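The values are calculated or read from the model by the stated rules, or taken from the named source; none is laboratory data. As the structure is a computational prediction, the values presented were derived from the model and not from experiment. For neighbour counting, all protein chains shown are included, and Cβ atoms are generated from backbone atoms with ideal geometry for every residue, glycine included.
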Amino acid sequence: MPRSNTGTATWQAIDARRHLHSFTDPKVIETQGSRIIVRGEGSHVWDSDGRKILDGMAGLWCVNIGYGRRELADAAHAQMTNLSYYNNHFQSATPQMIELADVLAGLTPDGIEQFAFANSGSEANDTVVRLARRYWQIKGQPAKRTIISRTMAYHGSTLAGSSLGGLSHMHAMDGGVLPDITHIEHPHWYVYGGELSREDFGLKAARALEARILELGAENVAAFIAEPVQGAGGVIDPPATYWPEIQRICQQYDVLLIADEVICGFGRTGQWFGSQTYDIAPDFMPMAKGLSSGYVPIAAIGLSRRVSETLGQGGLIAHGYTYSGHPVACAVALANIEIIKAEGLVERVRDDIGPYFTAKFDKLVAEHPLVGERRGVGLMASLQLVRDKTTRELCTMEDNAAIQVREFCYANGLIVRAVMQSIVLSPPLVITRDEVDELINILTRALDEAARKLGKL
């Protein structure tokens, strides 16, 4: 059991000595100490000093139903006391695995009919790479191996996941990208659109996929992977013309389409999945995060009919994880989905809190000199920080504006994320209007402080 009477300084000292953090410079932990989070309820967490903090990121895009839901703890307890674990290898299954797969089939877009399980979005995307290549082997086209992704994409941090992602600092950590993975430019109109309209730029950005397929040869391209909205890359929502053109290209050149729903799924965009928001018909649909609202690790991969039927003809599936479809995780995911349904959280994001959230951010774009663009949909948003709104000149790394805003927010009781020179938010789906107002108030003061330092106020 954790030492309940341990103070912050002691926790930080042990943490610095014993724990290697994710996505953190160890020197920062040594010099500044870690942030010790001890409790959560609703849209707030508390640190070890008793500070109440509004979580504008829902953990890591995942705590959709909010913190402290006893129903999920009860579901985990009941399952642990009945069957704590069994695997899904060698013809085995549990009722929880089967039921979750059946429930997901009723929520996902038409055509997604079968599901594999994993423990994280990273593992889900590794699984997709293997299954996509296996699909083409069975079809007698083993040369179709290359996966096309996008710059600024995030698809996990395993070897395959980080290679699929388009973040250069992740590639640099271990010397580059795995073979047979390549990237095209992401569809960020504000940065790359120039004089084009959003609609014309959407077509141009999508046709970069066609150009890359023709460059590589369609006979060598297995799949295109993309998030409906790029999350960790800065909440980059594509123009309306983008996804229809992507689908046309994939169909024309017989390239599998992978919609990475790890962030967008389970109500975040105002539909159950981002694919429904953007009318995408994927062949593979990896999902995680909101599947259990982050309460336990679980991921799933939805397979289209053509994929599942082909894999069913190919013999042994030589892939899986010890904890694939863990019965406790499946039981918690089922309870989480029931809460999302019972409380109408998807509809709430679409019709109520999502539009309210968006309107507040659009007001900042209209009025604040440091904010050039609001991106996002539903309950995910990003504010682009700029030096000049007229010319769309972005703040620079030397300006350090996004980090300043992030740190000011945390010091004043709000968690946001800095991505390049953008501020990213993705709060729990249960956030209230009063809490949105609290979020906007703190964020506005943070933007004012950064603007003053840049001489813009």
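What the table shows:
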{"item": "Qualifying residue in the range 93-103 (condition: over 22 Å from Ile280 (Cβ atoms), at pLDDT 95 or above and not in a helix (DSSP H, G or I))", "result": "yes"}
{"item": "Residue count for the range 142-192, restricted to those that are under 17 Å from the mean Cα position of the chain (by Cα), surrounded by fewer than 21 Cβ atoms within 10 Å (Cβ to Cβ) and within 19 Å of Asp237 (Cβ to Cβ)", "result": "2"}
{"item": "Odd one out for Gln114, checked against (1) crowded, with 17+ Cβ neighbours inside 10 Å; (2) outside the structural domain of Leu159 (by TED's automatic domain parsing); (3) in a strand (DSSP E or B)", "result": "(2)"}
{"item": "Set Ala58, Ala75: member being under 30 Å from Arg433 (Cα atoms), assigned by TED's automatic domain parsing to the domain that holds Ser292 and of a type outside the set (Asp, Glu)", "result": "Ala75"}
{"item": "Residue count for the range 401-430, restricted to those that are more than 30 Å from Gly344 (Cα to Cα), in a loop (DSSP other than H, G, I, E, B) and either free of Cβ contacts under 8 Å to residues at least 60 places away in the same chain or among the small types (Gly, Ala, Ser) (or both)", "result": "2"}
{"item": "Unmet criterion (only one of (1) under 21 Å from the mean Cα position of the chain (by Cα); (2) outside the structural domain of Thr158 (by TED's automatic domain parsing)) for Leu104", "result": "(2)"}
{"item": "Every pair of residues 6+ apart whose Cβ atoms lie under 9 Å, when the first sits in the range 355-378 and is under 17 Å from Ala451 (Cα atoms) and in contact (Cβ under 8 Å) with a residue 40 or more places away in the chain while the second is surrounded by fewer than 20 Cβ atoms within 10 Å (Cβ to Cβ) and of a type in the set (Asp, Glu)", "result": "His368/Asp448; Leu370/Asp448; Gly372/Asp388; Gly372/Glu393"}
{"item": "Filtered residue count, the range 37-62, keeping only those that are hydrophobic (A, V, I, L, M, F, W, C), surrounded by 21 or more Cβ atoms within 10 Å (Cβ to Cβ) and more than 16 Å from Val296 (Cα to Cα)", "result": "2"}
{"item": "Residue tally, condition outside any strand (DSSP E or B) and more than 17 Å from Asp174 (Cβ to Cβ), over the range 140-162", "result": "9"}
{"item": "Sole exception among (1) assigned by TED's automatic domain parsing to the domain that holds Arg305; (2) over 22 Å from Asp260 (Cα atoms) for Ala16, by number", "result": "(1)"}
{"item": "Matching entry among Ser34, Ser22, Ser92 (being farther than 17 Å from Ser293 by Cα, among the hydroxyl-bearing types (Ser, Thr, Tyr), in contact with an Asp or Glu (Cβ under 7 Å, 6 or more places away or on another chain) and surrounded by fewer than 22 Cβ atoms within 10 Å (Cβ to Cβ))", "result": "Ser34"}
{"item": "Residues satisfying the stated conditions in the range 201-231, i.e. in contact (Cβ under 8 Å) with a residue 40 or more places away in the chain and on the phi > 0 side of the Ramachandran plot", "result": "none"}
{"item": "Lone unmet requirement of (1) more than 24 Å from Gly231 (Cβ to Cβ); (2) aliphatic (A, V, I, L, M); (3) surrounded by fewer than 22 Cβ atoms within 10 Å (Cβ to Cβ); (4) modelled with pLDDT of 95 or more for Ile339", "result": "(1)"}
{"item": "Residue match in the range 316-328 (condition: crowded, with 18+ Cβ neighbours inside 10 Å and under 21 Å from Pro109 (Cβ atoms))", "result": "no"}
{"item": "Residue check, Tyr321 out of contact with any Phe, Trp or Tyr (no Cβ under 7 Å at 6 or more places or on another chain) and under 28 Å from Gly233 (Cβ atoms)", "result": "yes"}
{"item": "Filtered residues of the range 100-110 (kept if surrounded by 16 or more Cβ atoms within 10 Å (Cβ to Cβ) and farther than 24 Å from Ala232 by Cβ)", "result": "Leu100, Ala101, Val103"}
{"item": "Residues (within 29 Å of Gln421 (Cα to Cα) and more than 15 Å from the chain's Cα centre (by Cα)) located in the range 201-237", "result": "Phe201, Gly202, Leu203, Lys204, Ala205, Ala206, Arg207, Ala208, Leu209, Arg212, Phe224"}
{"item": "Among residues of the range 431-445, those that are farther than 15 Å from Ser382 by Cβ and in contact (Cβ under 8 Å) with a residue 24 or more places away in the chain, counted", "result": "10"}
{"item": "Test: residue in the range 364-373 that is within 22 Å of Cys62 (Cα to Cα) and either in the same structural domain as Asp434 (by TED's automatic domain parsing) or part of a loop (DSSP other than H, G, I, E, B) (or both)", "result": "no"}
{"item": "Residue satisfying all of: in the range 176-200; part of a helix (DSSP H, G or I) and in contact (Cβ under 8 Å) with a residue 40 or more places away in the chain; farthest from Ala381 (Cα to Cα) among these", "result": "Asp200"}
{"item": "Index of the failed condition, Met97 passing every other in (1) under 24 Å from the mean Cα position of the chain (by Cα); (2) crowded, with 17+ Cβ neighbours inside 10 Å; (3) not assigned by TED's automatic domain parsing to the domain that holds Met287", "result": "(3)"}
{"item": "Identity of the residue in the range 228-260, over 21 Å from Ile181 (Cα atoms) and of a type in the set (Asp, Glu), that ends up surrounded by the fewest Cβ atoms within 10 Å (Cβ to Cβ)", "result": "Glu245"}
